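Trainee: Could you have a look at this structure, given as structure tokens, before my questions?
The values are calculated or read from the model by the stated rules, or taken from the named source; none is laboratory data. For clarity, every value in this text was computed on a predicted model and none was experimentally measured. Here the Cβ positions follow ideal geometry from the backbone for every residue, glycine too, while neighbour counts run over all protein chains shown.
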Amino acid sequence: MRGLATHITRTIVPMSVINCADNSGALKFRMINKRGKGHRHGRLAAAGIGDMITASVIKGSPNYLKKPVLVVIVRQKAPIRRANGMRIRFEDNAGVMVDDSKFHLPIGTEVKGAMAREVVEINVKLAGIAPKII
């Protein structure tokens, strides 16, 4: 897999609240930890656009409430810098719930709002449910 031509500022840390951007039944997540970590010893594992995290559903359907789920971050407030010099930022931190299979298929059938292009480069399956890719 080739690397991203983007500098992603990773600003979502454990205990951050993230909106749910799909129609899976959850409304808000609280980040528990980054999947695959990759952080410095003694430092919190921060996540950014395209990263997979383990989160707890704090608001939404009783089926998912207070249970750990996998979430891919599709939007973040902090600006990210692309190779052409353009900076992109969104109005909220948002994620899409995925299952724990080998391919990480999305649980919802549609995404509310836009999705960053960097997410689609990492997880191609999310491109099918995205209404707008920026």
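Trainee: Quick one: would you say Val57 is buried (at least 22 other Cβ atoms within 10 Å of the Cβ) and either among the small types (Gly, Ala, Ser) or free of Cβ contacts under 8 Å to residues at least 60 places away in the same chain (or both)?
Mentor: Spelling it out, Val57 is indeed buried (at least 22 other Cβ atoms within 10 Å of the Cβ) and either among the small types (Gly, Ala, Ser) or free of Cβ contacts under 8 Å to residues at least 60 places away in the same chain (or both).
Trainee: Ok, one more. Exactly one of these conditions fails for Val13: (1) over 29 Å from Thr109 (Cβ atoms); (2) surrounded by 13 or more Cβ atoms within 10 Å (Cβ to Cβ); (3) in contact (Cβ under 8 Å) with a residue 60 or more places away in the chain; (4) not basic (Lys, Arg). Give me its number.
Mentor: (3)
Trainee: Could we say that Ala46 is surrounded by 15 or more Cβ atoms within 10 Å (Cβ to Cβ), free of Cβ contacts under 8 Å to residues at least 60 places away in the same chain, of a type in the set (Gly, Ala, Ser) and touching a Phe, Trp or Tyr at 6+ places or on another chain (Cβ under 6 Å) here?
Mentor: It is false that Ala46 is surrounded by 15 or more Cβ atoms within 10 Å (Cβ to Cβ), free of Cβ contacts under 8 Å to residues at least 60 places away in the same chain, of a type in the set (Gly, Ala, Ser) and touching a Phe, Trp or Tyr at 6+ places or on another chain (Cβ under 6 Å).
Trainee: Ok, one more. Considering every residue within segment 84-99, establish whether at least one is over 22 Å from Ile129 (Cβ atoms), modelled with pLDDT of 95 or more and among the polar types (S, T, N, Q).
Mentor: Looking through segment 84-99, none of the residues is over 22 Å from Ile129 (Cβ atoms), modelled with pLDDT of 95 or more and among the polar types (S, T, N, Q).
Trainee: Write out, first by first residue and then by second, each pair whose Cβ atoms fall under 6 Å of each other, whose residues are 6+ apart or on separate chains, and whose first residue, in segment 20-35, is more than 14 Å from Glu110 (Cβ to Cβ) and in contact (Cβ under 8 Å) with a residue 12 or more places away in the chain while the second is of a type in the set (Lys, Arg) and assigned to a strand (DSSP E or B).
Mentor: As it stands, the answer is Leu27/Lys59; Lys28/Lys59, since those pairs meet every condition given.
Trainee: Which pairs do you get when a residue that is more than 16 Å from Val69 (Cβ to Cβ) and assigned to a loop (DSSP other than H, G, I, E, B), found in segment 102-114, comes within reach of a residue that is at pLDDT below 95 and among the β-branched types (Val, Ile, Thr), reach meaning Cβ atoms under 6 angstrom, with the pair 6+ apart or on two chains?
Mentor: Qualifying pairs under 6 Å: Glu110/Ile129; Ala114/Ile134.
Trainee: Which of the following residues is in a loop (DSSP other than H, G, I, E, B) and more than 19 Å from Asn63 (Cα to Cα): Glu118, Glu91?
Mentor: Checking each option against the conditions leaves just Glu91.
Trainee: Then there is this: Mind checking which residues of segment 78-120 are surrounded by 12 or more Cβ atoms within 10 Å (Cβ to Cβ) and out of contact with any Lys or Arg (no Cβ under 9 Å at 6 or more places or on another chain)?
Mentor: Val96, Met97, Asp99, Ile107, Gly108, Glu110, Lys112, Val120
Trainee: Residue check: is Gly85 on the phi > 0 side of the Ramachandran plot and part of a loop (DSSP other than H, G, I, E, B)?
Mentor: Spelling it out, Gly85 is indeed on the phi > 0 side of the Ramachandran plot and part of a loop (DSSP other than H, G, I, E, B).
Trainee: Give segment 121-134 a look and list any residue that's of a type outside the set (Gly, Ala, Ser), farther than 12 Å from Arg75 by Cα and either assigned to a helix (DSSP H, G or I) or in contact with a helix residue (DSSP H, G or I) (Cβ under 9 Å, 6 or more places away or on another chain) (or both), or say none.
Mentor: Glu121, Ile122, Val124, Lys125, Leu126, Ile129
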